[in-house]
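These notes concern the structure reproduced below.
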């Protein structure tokens with residue numbers, strides 16, 4: 001039997017995925033995701049862009065210092081200061097990588113870089129050689145490669161390889177490619193570059209809905225690394241979806257002759273964790289990890305599945321770790337069993353955070369008849385992980401009254417040990433509470449979106465609220481969860497305020513009434 005070709009999975013959820021508007025992960029959230037990605041056995045974790053901000057630098061450094069197994073990569077432009085920041089951030093990694101890039105398409109070189117071809121080639125030479133002075137593993141990407149001149153692109157890649165890059169990446173940065181053309185393009189670039197021993201990679205965006213298809217075409221053409229994100233999150237329409245890419249290679253290994261090292265049974269929990277931490281819900285019809293991926297409603301389908309699941313399922317829920325039944329926990333559960341269940345959910349908590357989670361769980365047991373894994377995961381994400389470093393303002397109490405067509409709310413908040421209370425009226429209890437919070441904190445962020453969803457179907461289900469706030473050019477997503485939907489809504493708004501304050505501190509923005517610079 002012919003041995004299968006190994007395709008490396010390069011996960012950029014923490015870098016390109018986080019660049020999606022409205023996503024801002026703190027260090028603890030990034031670490032949790034990175035730990036789970038490592039458990040899932042991805043080959044490379046791109047932890048961030050250290051030169052982008054002090055917060056991103058610290059997040060990359062934390063991941064590099066704490067996560068073992070995968071290569072930990074940091075992104076850098078070809079500027080020396082970017083490369084130095086990346087090198088410093090990944091210094092503690094078991095397997096550090098610097099990933100440097102520059103655009104090579106005519107439109108980018110002329111209008112964005114304002115550089116000639118010779119200048120770009122010199123920039124590539126200098127950057128890759130400089131990165132190699134810090135690490136042995138350097139990846140080079142030609143931004144907007146799919147719209148670049150093939151002859152020039154091959155010259156760029158030869159220059160990068162000759163100066164020490166061991167991985168060369170061909171990005172379809174704006175999702176312009178189509179599979180048949182892209183496969184031929186990748187094969188042509190590999191042949192024209194003529195550097196044996198190089199790892200060829202692709203990084204496809206989904207602007208035309210073909211990111212996974214283009215990645216698969218590239219694998220068939222000789223690429224041995226695919227750059228992707230969980231749930232396909234990322235800039236604009238997103239990136240190639242990791243779970244779709246991995247399961248396509250596994251399910252159709254007869255066609256591609258490839259395999260990955262991914263533990264696919266962790267895909268479902270990883271998808272759920274990314275969704276909760278980013279505030280980006282997974283569509284029910286999402287391939288592989290959507291709620292309907294293994295659901296059958298049509299009578300003909302149901303009959304077929306009852307006879308043999310293979311009639312309508314090309315992979316099983318167990319293959320991707322989709323739950324066959326709900327996890328039920330009780331107030332008499334012990335700490336050891338509780339920790340085991342938490343880890344089965346894909347969460348890795350310190351003893352201190354585990355104790356906090358246990359306390360939350362016990363409180364929840366007193367408010368709900370049955371506590372499910374979904375309930376617990378929602379509470380841990382909103383009350384512990386999301387607040388790990390951004391909780392400056394804390395809700396102490398609230399009181400709402402509702403009348404016909406209006407509501408009043410009295411809210412008490414704590415900020416650095418000082419409590420403040422205010423009241424307001426609105427067109428409902430949530431609107432009134434938000435007005436009171438704005439009066440207390442002295443700022444007026446714009447509420448762009450507000451949603452609340454039930455985590456489970458029961459009448460005492462936890463409500464998970466999400467808000468998108470924008471202020472002074474900053475945009476964040478806040479989350480809150482509670483069996484009381486008004487409390488969940490208030491917590492989400494306060495979480496958003498805290499994230500604005502944290503993000504403003506990083507960017508040096510001064511908010512009304514708060515010197516956070």
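All of the numbers you see were taken from the coordinates with simple rules; none came from a lab. All values derive from a computational prediction rather than experimental measurement. Cβ coordinates were reconstructed from backbone atoms using ideal geometry, including for glycine residues, and neighbour counts include every protein chain displayed.
Residue separation times 0.36 nm, minus the C-alpha to C-alpha distance between residue 80 and residue 122: what's the value?
Working it through step by step, the gained length comes to 13.8 nm.
Which of 276, 236 comes first, and how do the rest follow, when ranked by fewest Cβ neighbours within 10 Å?
Ascending Cβ contact count within 10 Å gives the list 236, 276.
Could you calculate the contour length gain from residue 343 to residue 454, that is, 0.36 nm times the residue separation minus the distance between their Cα atoms, to one decimal place in nm?
Contour length minus the Cα-Cα distance gives 37.6 nm.
Taking the 0 to 90 degree range and rounding to the nearest ten, how far is the long axis of helix 335-344 tilted relative to the main principal axis of the chain, both from C-alpha atoms?
Roughly 40 degrees, rounded to the nearest 10.
For the pair residue 470 and residue 53, what calculated FRET efficiency results from E = 1/(1 + (r/R0)^6), where r is the Cβ-Cβ distance and R0 = 22 Å, to the nearest 0.05?
0.75
Which order, highest average first, do 265-272, 421-428, 212-219 follow once you tally other Cβ atoms within 10 Å for each residue and take the mean per peptide?
Ranking the peptides 265-272, 421-428, 212-219 by packing returns 212-219, 265-272, 421-428.
Rounded to the nearest 0.05, what FRET efficiency do residue 254 and residue 208 give with R0 = 45 Å and r taken as the Cβ-Cβ distance? Could you check?
E between residue 254 and residue 208, to the nearest 0.05, is 0.95.
Going by how many other beta carbons lie within 10 Å of each one, how would you line up 141, 88, fewest first?
Ranked by crowding around the Cβ, least crowded first: 88, 141.
If one takes the longest principal axis of the Cα atoms in the chain, at what angle in degrees, from 0 to 90 and to the nearest 10, does the Cα axis of helix 429-441 lie?
Value to nearest ten degrees: 80.
Calculate for the chain the 222 nm mean residue ellipticity that helices alone would give, adding -39,500 (n - 2.57) per DSSP H run of length 4 or more and normalising by residue count, nearest 500 deg cm²/dmol.
Counting only the DSSP helices, I get -12000 deg cm²/dmol.
Which distance in nm do the two modelled labels at residue 65 and residue 191 give, with both placed 7 Å along the Cα-to-Cβ direction?
5.0
Could you work out the relative contact order of the stretch 393-507? I mean the mean sequence separation of Cα pairs under 8 Å and 6+ apart, divided by the number of residues, in percent.
Relative CO of the stretch 393-507 lands at 17 percent.
Compute the long axis of helix 27-39 from its Cα atoms, compare it with the longest principal axis of the Cα atoms of the chain, and write down the angle in degrees, 0 to 90, nearest 10.
Tilt relative to the chain: about 60 degrees.
Work out, step by step, the length gained on full extension between residue 115 and residue 88: first 0.36 nm times the residue separation, then minus their alpha carbon distance; give nm to one decimal.
6.9 nm
Report the paramagnetic label zone for residue 263: residues of the stretch 27-64 whose backbone N is under 18 Å from a point 7 Å from Cα along the Cα-to-Cβ axis.
Answer for this model: 31-45.
How high is the relative contact order of the chain, given as a whole-number percent (alpha carbon pairs under 8 Å, six or more residues apart)?
11
Quick check on the chain: of the DSSP beta bridges with both residues there, what percent are antiparallel, nearest 5%?
Percent antiparallel among DSSP bridges in the chain is about 50.
Hey, with R₀ at 30 Å, roughly what FRET efficiency would residue 401 and residue 447 work out to, going by the Cβ-Cβ distance, to 0.05?
Plugging the Cβ-Cβ distance into 1/(1 + (r/R0)^6) gives 0.90.
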